[in-house]
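Following: one structure in structure tokens, then a few remarks.
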Number of protein chains: 2
Amino acid sequence: MTLLYEGKAKQLFMTDDDKVLRLVYKNDATAFNGEKHDVLQGKGELNNAISVLFFEVLEAEGVQTHFIKKISDTEQLVRPTRIIPIEVVVRNITAGSLARRLGWEEGKSLPEPIVEWYYKDDALGDPLVNDDHIAALGVAKTEELEEMRMRALHVNKILLDLCHKANLLLVDFKLEFGVLEDGTLLLADEVSPDTCRFWDAKTKEKLDKDIYRYGLGSLQAGYENILSRIGGVVHD
Amino acid sequence: MTLLYEGKAKQLFMTDDDKVLRLVYKNDATAFNGEKHDVLQGKGELNNAISVLFFEVLEAEGVQTHFIKKISDTEQLVRPTRIIPIEVVVRNITAGSLARRLGWEEGKSLPEPIVEWYYKDDALGDPLVNDDHIAALGVAKTEELEEMRMRALHVNKILLDLCHKANLLLVDFKLEFGVLEDGTLLLADEVSPDTCRFWDAKTKEKLDKDIYRYGLGSLQAGYENILSRIGGVVHD
Ligand SMILES: Nc1ncnc2c1ncn2[C@@H]1O[C@H](COP(=O)(O)OP(=O)(O)O)[C@@H](O)[C@H]1O
Ligand SMILES: Nc1ncnc2c1ncn2[C@@H]1O[C@H](COP(=O)(O)OP(=O)(O)O)[C@@H](O)[C@H]1O
Ligand SMILES: [Mg+2]
Ligand SMILES: [Mg+2]
């Protein structure tokens, strides 16, 4: 089947049905805009399983997503969309580039979640942008941005609740939205430890891709931990 | 008289009247967050004269500003305010950090002006921030941001009109706002070729601080040019 797009962590294939794509999770781990790259056995399977768990919960809570169903350890079916090239980041606790940008220490709870837009462009290093930049880029309408902000904050509520029950801190996460031909906005891409920061609520141990970024131990062990905790809460 | 604050380009002194500050323009030129520094004879006088011209026009057009009056070649009286540490940048044509951020060439007219907030913090390199960052920093209220945006766009209209008559392109500029004890928002700081990009409308020659930043010739010659053109239009 035709490979539509190969990214750093996933592949997208066409299927016989033009309303369905096959999304394949790879074992590749990358960081620092591709500077660091490794193949980690079992990573694709873990991310597929975790993302499926989250998307099932989000769908059950009324969030419209691209997710159709899981078809194998590393594969799921999703609806094809025109991806809006804006990474929507929601933050509950200071970390990463936010801490660097504002000179804050990591691990500080924010009184209100912070929503940020990053223009999805590897060559530019995914720069932070505001609504006026996005209008000038012509990549999303004002109403779409408002809708994306509301959806992202709704997703945050749902994930915070799940994480709380799993004794995890949801530090921050990145979402991507896509548009159907009729204009419907869907949550697309993935929700996994590649795209979310999860810390153990007690020890503050990092259980997400920061393990790989900063060489803190076994990425797979962290992701297994997330899968079993979130799985436990979901199947309760 | 007590020196209240000494910045890179100006000094602020108290006066006998606690409702009045003396603002003194220095001859210092700095660029790249202080990495480059020189003393340029006559710069203070030129910036004082140009900023006075702009503030008089803005006041006449109904913009509330800190400006009281010019008292010497390099000095003016202004109202003391609590400065909101957000640099408000308005852009009409691509240049500088906007061009770098979005990978655009310089000199492209924007269909709508772009307004940006930068957190005024030299140690952090004045990072771009959004409304949520500003709320978390606690340095401006949502209503103040809305008001600052509206005022900045109003200032842009007035300056664009002046520049048009002076055969200048107003590429972009930076404003600072301050608050009086009763909450009134005033346009403060300066409006000069140190804080605005002005290009000759025909030749696109740079007549502002970029002359100094990029070593393009005599800064004073550029500023003299701005002063005589804007002066000519204002005194018409
Ligand atoms: N439902 C969808 N429709 C179309 N494109 C999608 C969908 N879901 C995800 N994508 C895109 O597929 C790519 C996923 O692969 P990934 O390896 O994460 O790429 P990247 O290297 O760009 O992060 C991303 O560019 C993402 O925007
Ligand atoms: N009316 C005012 N009241 C209080 N502070 C002001 C006023 N106008 C300007 N300022 C502040 O005075 C300083 C001006 O000096 P400048 O040399 O431009 O400083 P900087 O190096 O911070 O740019 C700025 O920090 C500016 O915010
Ligand atoms: Mg991706
Ligand atoms: Mg200044």
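Structural remarks
- Position B:Glu6, label points 7 Å along Cα→Cβ, spacing to each other copy in nm (shortest first, one decimal): 6.2
- Largest GNM mean-square fluctuation across A:Leu185, A:Leu124, A:Leu145, computed for chain A with C-alpha springs under 10 Å, falls on A:Leu124.
- Shortest-first distances to equivalent copies, position B:Glu181, nm, label 7 Å out along Cβ: 6.7
- Inter-copy label distances at B:Ala201 (7 Å, Cα→Cβ; nm, one decimal): 6.5
- Per residue, the average separation of C-alpha pairs within less than 8 Å and at least 6 apart gives chain A a relative contact order of 19 percent.
- Euclidean distance of C-alpha centroids, the stretch A:126-167 and the stretch B:73-100, integer Å: 29 Å
- Prolate/oblate/rounded call for the stretch A:1-140, Cα gyration tensor, a/c under 1.5 rounded: prolate
- For the stretch A:82-218: rounded, prolate or oblate by the Cα gyration tensor [a/c cutoff 1.5]: prolate
- Residues A:Phe198, A:Phe13, A:Phe173 arranged by fewest to most Cβ contacts within 10 Å: A:Phe13, A:Phe173, A:Phe198
- The stretch B:172-236 and the stretch B:1-68 have Cα centres separated by 12 Å.
- Estimated 222 nm signal from helices in chain B, with DSSP H stretches of n ≥ 4 weighted -39500 (n - 2.57), rounded to 500: -10000 deg cm²/dmol
- Computed from the C-beta positions of B:Leu4 and B:Glu59, the FRET efficiency with R₀ = 22 Å rounds to 0.45.
- Of A:Ala60, A:Ala95, A:Ala140, the one that fluctuates the most in a GNM where chain A has Cα springs shorter than 10 Å: A:Ala60
- DSSP H segments from chain A that extend 30 Å or more along their own axis, Cα-based, with Kyte-Doolittle mean of -1.0 or above: A:142-165
- Average other protein chain Cβ within 10 Å of Cβ, residues B:125-134: 5
- Percentage relative contact order, the stretch B:2-78, counting C-alpha pairs under 8 Å, at least six apart: 25 percent
- Taking a straight line from the alpha carbon of B:Lys8, these lysines sit under 16 Å away, with near neighbours fewer than eight places off in the same chain left out: B:Lys26, B:Lys36, B:Lys43, B:Lys120, B:Lys174, B:Lys209.
- In this simple spin-label approximation, B:Ile71 and A:Ser228 carry label points 7 Å from Cα along the Cα→Cβ vector, and these lie 7.4 nm apart.
- Computed over the stretch A:189-236: relative contact order in percent, which uses C-alpha pairs under 8 Å that are six or more apart: 25 percent
- Highest-MSF residue in chain B out of B:Ala123, B:Ala152, B:Ala166 [GNM, Cα springs under 10 Å]: B:Ala123
- Among beta bridges identified by DSSP and lying wholly in the stretch A:82-218, the antiparallel ones come to about 100 percent.
- Residue exposure sequence - B:Lys209, A:Lys202 - by fewest surrounding Cβ within 10 Å: A:Lys202, B:Lys209
- The label point for A:Ser218 and the one for A:Ala201, both projected 7 Å from the Cα toward the Cβ, are 2.5 nm apart.
- When the Cα gyration tensor is reduced to axis lengths a ≥ b ≥ c, the ratio a/c stays below 1.5 for chain B, which is therefore classed as rounded.
Readers should treat all values here as calculations from the given coordinates under stated rules, not as data from a laboratory. A quick note: this is a predicted structure, and the numbers were derived from the prediction, not measured. As a convention, Cβ positions derive from the backbone with ideal geometry for all residues, glycine included, and neighbour counts pool all protein chains shown.
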